[in-house]
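Okay, so here's the structure we're looking at.
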Amino acid sequence: MSRIAASVLAADFGRLGEVVVESEAAGVDRFHLDVMDGHFVPNLTFGPVVIEAVRRRTDRPLDVHAMVREPERLAPDLVRAGADLLAFHLEATPHPHRLLEAIRGLGAKAGIAVNPGTPVEALADLLELADQVLLMSVNPGFAGQRFIERTYRRLETLVRMRRDEGLGFEIAVDGGVKPENAGRLAGLGADVLVAASGLYNGRPVAENLAAYREALGDPGGALPR
């Protein structure tokens with residue numbers, strides 16, 4: 001059953017601590033934190049200080065998504081701040097193999113993200129070192145974008161690569177994931193669904209999360225971590 005990762009970028013930052021507590025109580029499986037540098041992507045968000053603040057408010061796993069140039073420079077600070085898993089972009093560094101090893105050496109799980117315009121086959125020689133592949137279903141940089149339909153085919157390819165190589169990395173899908181497409185993504189093999197504006201949109205988090213759970217056939221709530 002797919003897990004729900006709550007993307008706090010879409011939340012009300014004026015009450016971020018309360019939102020984290022509310023989301024954990026509602027039953028989200030983990031939190032997804034988008035670090036953007038204004039260079040690799042056009043937006044600028046937050047860094048280690050905010051990750052530390054979220055870490056103090058929850059014991060749920062923190063998946064940190066580094067949308068930054070030269071992610072190897074920031075990786076140690078992000079892990080120290082509380083990242084349980086740190087994902088960086090294949091397109092952001094010339095040495096992704098080295099960085100996957102370095103993140104694991106820091107004591108975190110290592111993830112690698114891939115943009116919609118990058119063939120998933122480009123990951124082939126890295127998958128044995130990855131704990132997660134983060135499949136972008138929008139162009140990274142902003143919340144609230146429309147889901148790119150070709151993601152379904154890309155997900156099928158990635159699932160096939162995992163099966164053929166006998167590997168155990170998890171597959172996360174990020175961008176435009178709503179209850180309307182969550183069931184199909186889970187059915188194709190996505191292990192983690194990153195929920196942003198579908199979860200944080202002015203309605204109660206518990207109500208929105210229930211819609212995702214219903215779509216996934218998991219009305220009972222949070223899954224074992």
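Would you confirm whether or not the stretch 168-186 contains a residue that is touching a residue at least 40 places away in the same chain (Cβ under 8 Å), over 16 Å from ARG30 (Cα atoms) and among the polar types (S, T, N, Q)?
no
Could you give me the residue pairs with C-beta distances under 6 Å whose first residue belongs to the stretch 124-137 and is more than 18 Å from ALA66 (Cβ to Cβ), whose second residue is of a type in the set (Asp, Glu) wherever it lies, and which are 6+ apart or on separate chains?
Hits for this filter: zero, empty list.
State yes or no: is ALA206 assigned to a helix (DSSP H, G or I), modelled with pLDDT of 95 or more and under 20 Å from VAL20 (Cα atoms)?
On the way: assigned to a helix (DSSP H, G or I): yes; modelled with pLDDT of 95 or more: yes; under 20 Å from VAL20 (Cα atoms): yes.
Considered against the rule, which asks whether it is assigned to a helix (DSSP H, G or I), modelled with pLDDT of 95 or more and under 20 Å from VAL20 (Cα atoms), ALA206 comes out as yes.
Quick one: GLU70 ticks every box in (1) on the phi > 0 side of the Ramachandran plot; (2) surrounded by 20 or more Cβ atoms within 10 Å (Cβ to Cβ); (3) of a type in the set (Asp, Glu) except a single one, so which number is it?
Just one mismatch for GLU70, condition (2).
Going by the conditions given, is ILE148 hydrophobic (A, V, I, L, M, F, W, C) and either under 15 Å from the mean Cα position of the chain (by Cα) or crowded, with 19+ Cβ neighbours inside 10 Å (or both)?
On the way: hydrophobic (A, V, I, L, M, F, W, C): yes; either under 15 Å from the mean Cα position of the chain (by Cα) or crowded, with 19+ Cβ neighbours inside 10 Å (or both): no.
Spelling it out, it is not the case that ILE148 is hydrophobic (A, V, I, L, M, F, W, C) and either under 15 Å from the mean Cα position of the chain (by Cα) or crowded, with 19+ Cβ neighbours inside 10 Å (or both).
For the stretch 209-225, which positions are of a type in the set (Gly, Ala, Ser) and at pLDDT below 95? Steps first, answer last, please.
From the stretch 209-225, those of a type in the set (Gly, Ala, Ser) are 210-211, 215, 217, 220-222; that's our starting set.
Selection gives GLY217, GLY220, GLY221, ALA222.
Only one residue in ARG153, ARG80, ARG104 is among the basic types (Lys, Arg), modelled with pLDDT of 95 or more and in contact with a strand residue (DSSP E or B) (Cβ under 8 Å, 6 or more places away or on another chain), so which one is that? Full working, then the answer.
Values: ARG153 fails: in contact with a strand residue (DSSP E or B) (Cβ under 8 Å, 6 or more places away or on another chain); ARG80 fails: in contact with a strand residue (DSSP E or B) (Cβ under 8 Å, 6 or more places away or on another chain).
Being among the basic types (Lys, Arg), modelled with pLDDT of 95 or more and in contact with a strand residue (DSSP E or B) (Cβ under 8 Å, 6 or more places away or on another chain) holds for just one of ARG153, ARG80, ARG104, which is ARG104.
Would you pick out the residues in the stretch 174-193 that are surrounded by 21 or more Cβ atoms within 10 Å (Cβ to Cβ) and not hydrophobic (A, V, I, L, M, F, W, C)? Quick ask: steps written out before the conclusion?
First pass over the stretch 174-193, keeping only residues surrounded by 21 or more Cβ atoms within 10 Å (Cβ to Cβ): 174-177, 182, 185-186, 190, 192-193.
Once the filter is applied, which keeps residues that are surrounded by 21 or more Cβ atoms within 10 Å (Cβ to Cβ) and not hydrophobic (A, V, I, L, M, F, W, C), the stretch 174-193 yields ASP174, GLY175, GLY176.
I need the full set of residues from the stretch 9-43 which are in contact with a strand residue (DSSP E or B) (Cβ under 6 Å, 6 or more places away or on another chain) and within 27 Å of THR93 (Cβ to Cβ), in order please. It would help to see each step written out before you state the result.
First, pick out the residues of the stretch 9-43 that are in contact with a strand residue (DSSP E or B) (Cβ under 6 Å, 6 or more places away or on another chain): 9, 23, 28-36, 38, 40-41, 43.
Of everything in the stretch 9-43, those that are in contact with a strand residue (DSSP E or B) (Cβ under 6 Å, 6 or more places away or on another chain) and within 27 Å of THR93 (Cβ to Cβ) turn out to be LEU9, ARG30, PHE31, HIS32, LEU33, ASP34, VAL35, MET36, GLY38, PHE40, VAL41, ASN43.
Residues checked against (1) among the small types (Gly, Ala, Ser); (2) touching a helix residue (DSSP H, G or I) at 6+ places or on another chain (Cβ under 6 Å); (3) more than 30 Å from PHE40 (Cα to Cα); (4) buried (at least 22 other Cβ atoms within 10 Å of the Cβ):
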residue	(1), (2), (3), (4)
GLU121	no, no, no, no
LEU134	no, no, no, yes
ASN139	no, no, no, no
ALA172	yes, no, no, yes
TYR200	no, yes, no, no
ALA206	yes, yes, yes, no
ALA215	yes, yes, yes, no
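Would you check which residues across the stretch 20-44 are among the β-branched types (Val, Ile, Thr) and either buried (at least 20 other Cβ atoms within 10 Å of the Cβ) or farther than 26 Å from GLU207 by Cβ (or both) and list them? Before the answer, list the steps.
Going residue by residue through the stretch 20-44, those that are among the β-branched types (Val, Ile, Thr) are 20-21, 28, 35, 41.
Residues satisfying the conditions are VAL20, VAL28, VAL35, VAL41.
The values are calculated or read from the model by the stated rules, or taken from the named source; none is laboratory data. Remember, predicted model here, so these are calculated numbers, not experimental data. For neighbour counting, all protein chains shown are included, and Cβ atoms are generated from backbone atoms with ideal geometry for every residue, glycine included.
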